[in-house]
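Here is the structure we will look at.
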Amino acid sequence: MRFLFKTDYEDDIRLFPHSGYVVSYGLLFAVLLIAPYVLSSYLMSQLVFVCIYATVGVALLILTGFTGQASLGHAAFLAIGAYTAAYLQKYNVPFPVYFLAAGVLTGCIGALVGFPALRLQGIYLVIATISFAFIVEEILARWESVTNGNEGLRVKALSLLGVTVSRDSPTFYFLCLAVLVLTIVGTLNLLRSPTGRAFVAIRDSETAARSMGVNVALYKVKSFAISAAITGFAGVLFAHKLSFISPEMFTLQLSIEFIIVILIGGTFSLHGAVLGAIFIVMIDPFLTYLKDDMPGIIGGIAAAFGAGTATAGNIQSKVAAFASLNGLKGAIYGVIIMLFVLFEPLGLYGRWLKIKLFFQLFPLYKRATFKRQKIYVKSERNR
């Protein structure tokens, strides 16, 4: 077991606490670099979506996990970034220009959303962000001169340094990976800065943050703007990956998927955003497997246990009908959220920390290590 003795402030804000982190992340980065040359095109496509969803997850963590401001409107920010890219691309604007423009525009809109939300907290803030998402979705459907309405927009392959980059090429994967890595490193540095520490102070207690001189209103708006801008960058990549965008692609369900990303992965961990993105991206292949392959497998098992041909066929048809039910995906999301909230509030990354600590302290590990002590003081009544 490694013990870290911090002797000055620089040790406390170091990006890599010790050399083991450098080795681990270096090996992971090397695996990610060689992945396009080893994995199939389907798996590479899934990895690209993991990078995009993880980028949005990190953006949502800044707002929700580190500042304590709930949001169910990040699908709208993603749509703004995607439509900005598609619109500017029609006028032959270079990729670096409309990529930055999408982030800046989305960040400005995020700041505008943050101002009315200053007096809202909890469920009321969630309702306000849902309303914003509905407004954006309606604008995208009605402003046909810009968005082409419900018919949607085609997005051409991006051109980088005069070279056309296909959505299925390794170059596009490396671009998405680079955006994710820069987002994570930038967020880590943000959290080590006074701004990031102000975000965390607001999350823990707004009253205590005000008493320490933190401008709560200003930092809430900053958090909204930064989170929205990062989501806008991800929206550009999302549009290029799908090559077609329309308003019905950016619904409330997509915002819920982003919330699930951080709930499953871990509300207070950047690692959790990546783990949650992997989990969410694998839901669709699982549903496809459940619909196409599982009925035949269950029917075969029933036949192997002595069921007649008619009975096995009936079981297979019922399983296929269940797998094809409308709303099954939403039901799975609901069950997943309830299970993690009830049994693992810290998410997948929290479970990994518990497993790692178990082996580090074995046989002295205590099950109550991660339980919060129920000891409160009077000053916490305003939290």
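Val165 - would you say it is closer than 30 Å to Val31 by Cβ, touching a Leu at 6+ places or on another chain (Cβ under 8 Å) and modelled with pLDDT under 90?
yes
Pairs only if they're at least six apart or on different chains, beta carbon under 6 angstrom, first in the stretch 240-256 and touching a residue at least 40 places away in the same chain (Cβ under 8 Å), second in a strand (DSSP E or B) and open to solvent by 10 Å² or more (accessible area, probe 1.4 Å); list them, first residue then second.
Phe244/Arg154; Ile245/Leu153
Does the stretch 150-168 contain any residue that is closer than 16 Å to Leu237 by Cβ and either basic (Lys, Arg) or in a helix (DSSP H, G or I) (or both)?
Taking every residue of the stretch 150-168 in turn, at least one turns out to be closer than 16 Å to Leu237 by Cβ and either basic (Lys, Arg) or in a helix (DSSP H, G or I) (or both).
Can you name every residue in the stretch 341-353 that is assigned to a helix (DSSP H, G or I) and open to solvent by less than 40 Å² (accessible area, probe 1.4 Å)?
Within the stretch 341-353, Gly347, Gly350 meet the criteria.
Assess whether Ala35 counts as being in a helix (DSSP H, G or I) and either among the charged types (D, E, K, R) or modelled with pLDDT of 90 or more (or both).
no
Could you run through the stretch 84-106 and say how many residues are in a loop (DSSP other than H, G, I, E, B) and open to solvent by 70 Å² or more (accessible area, probe 1.4 Å)?
Step one: of the stretch 84-106, the residues in a loop (DSSP other than H, G, I, E, B) are 90-94.
From the residues that got through so far, the ones that are open to solvent by 70 Å² or more (accessible area, probe 1.4 Å) too are 90-92, 94.
Total meeting the criteria: 4.
Quick grid of which residues meet (1) under 18 Å from Val261 (Cα atoms); (2) modelled with pLDDT under 75:
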{"position": "Ala304", "(1), (2)": "no, no"}
{"position": "Gly313", "(1), (2)": "no, no"}
{"position": "Gln316", "(1), (2)": "no, no"}
{"position": "Ala320", "(1), (2)": "no, no"}
{"position": "Phe340", "(1), (2)": "yes, no"}
{"position": "Phe359", "(1), (2)": "no, no"}
{"position": "Lys374", "(1), (2)": "no, yes"}
{"position": "Glu380", "(1), (2)": "no, yes"}
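Scan the stretch 163-173 and give yes if some residue there is touching an Asp or Glu at 6+ places or on another chain (Cβ under 9 Å) and either more than 16 Å from Val58 (Cα to Cα) or not assigned by the TED database to the domain that holds Ile336 (or both), otherwise no. Before the answer, list the steps.
In the first step, residues of the stretch 163-173 are kept if they are touching an Asp or Glu at 6+ places or on another chain (Cβ under 9 Å); the result is none.
Within the stretch 163-173 (the criterion being touching an Asp or Glu at 6+ places or on another chain (Cβ under 9 Å) and either more than 16 Å from Val58 (Cα to Cα) or not assigned by the TED database to the domain that holds Ile336 (or both)), the answer is no, since none of the residues qualifies.
Select, from Ser193, Ser211, Ser246, the only residue that is open to solvent by less than 20 Å² (accessible area, probe 1.4 Å) and either in contact with a His (Cβ under 7 Å, 6 or more places away or on another chain) or farther than 25 Å from Leu39 by Cβ (or both).
That would be Ser246, the only listed residue that is open to solvent by less than 20 Å² (accessible area, probe 1.4 Å) and either in contact with a His (Cβ under 7 Å, 6 or more places away or on another chain) or farther than 25 Å from Leu39 by Cβ (or both).
Where the second residue is open to solvent by 70 Å² or more (accessible area, probe 1.4 Å) and among the small types (Gly, Ala, Ser) and the first is over 16 Å from Leu63 (Cβ atoms) and in contact (Cβ under 8 Å) with a residue 60 or more places away in the chain and lies in the stretch 207-219, which pairs have Cβ atoms under 9 Å and are six or more apart or on separate chains?
Thr207/Ser379; Ala208/Ser379
Give me a count of the residues in the stretch 344-365 that are closer than 23 Å to Val274 by Cβ and more than 21 Å from the chain's Cα centre (by Cα).
Here the count works out to 7.
If I go through the stretch 98-138 residue by residue, how many of them are under 30 Å from Leu160 (Cβ atoms) and of a type outside the set (Ser, Thr, Tyr)? Step through it out loud before you land on a result.
Residues of the stretch 98-138 under 30 Å from Leu160 (Cβ atoms): 98-111, 136.
If we keep only those that are of a type outside the set (Ser, Thr, Tyr) too, we end up with 99-105, 107-111, 136.
The number of residues fulfilling the criteria is 13.
List the helices (runs of 4 or more DSSP H) that sit entirely inside the stretch 269-340 and contain at least 2 residues that are closer than 22 Å to Gln46 by Cα. Spell out the reasoning first.
On the way: elements: 270-281, 283-292, 294-304, 309-323.
In the stretch 269-340, the matching helices (runs of 4 or more DSSP H) lie at 270-281, 283-292.
I need the full set of residues from the stretch 114-127 which are among the hydrophobic types (A, V, I, L, M, F, W, C) and either more than 20 Å from the chain's Cα centre (by Cα) or open to solvent by 50 Å² or more (accessible area, probe 1.4 Å) (or both), in order please.
Those that are among the hydrophobic types (A, V, I, L, M, F, W, C) and either more than 20 Å from the chain's Cα centre (by Cα) or open to solvent by 50 Å² or more (accessible area, probe 1.4 Å) (or both): Phe115, Ala117, Leu118, Leu120, Ile123, Ile127.
The values are calculated or read from the model by the stated rules, or taken from the named source; none is laboratory data. Everything numeric here is computed off the predicted structure, so don't read it as measured data. When we count neighbours, we look across all protein chains shown, and the Cβ atoms used for this are built from the backbone with ideal geometry, even at glycine. What goes into the accessible areas is simple: the full protein's heavy atoms, side chains included, and nothing from ligands, DNA or RNA. Shrake-Rupley method; radii C 1.70, N 1.55, O 1.52, S 1.80 Å.
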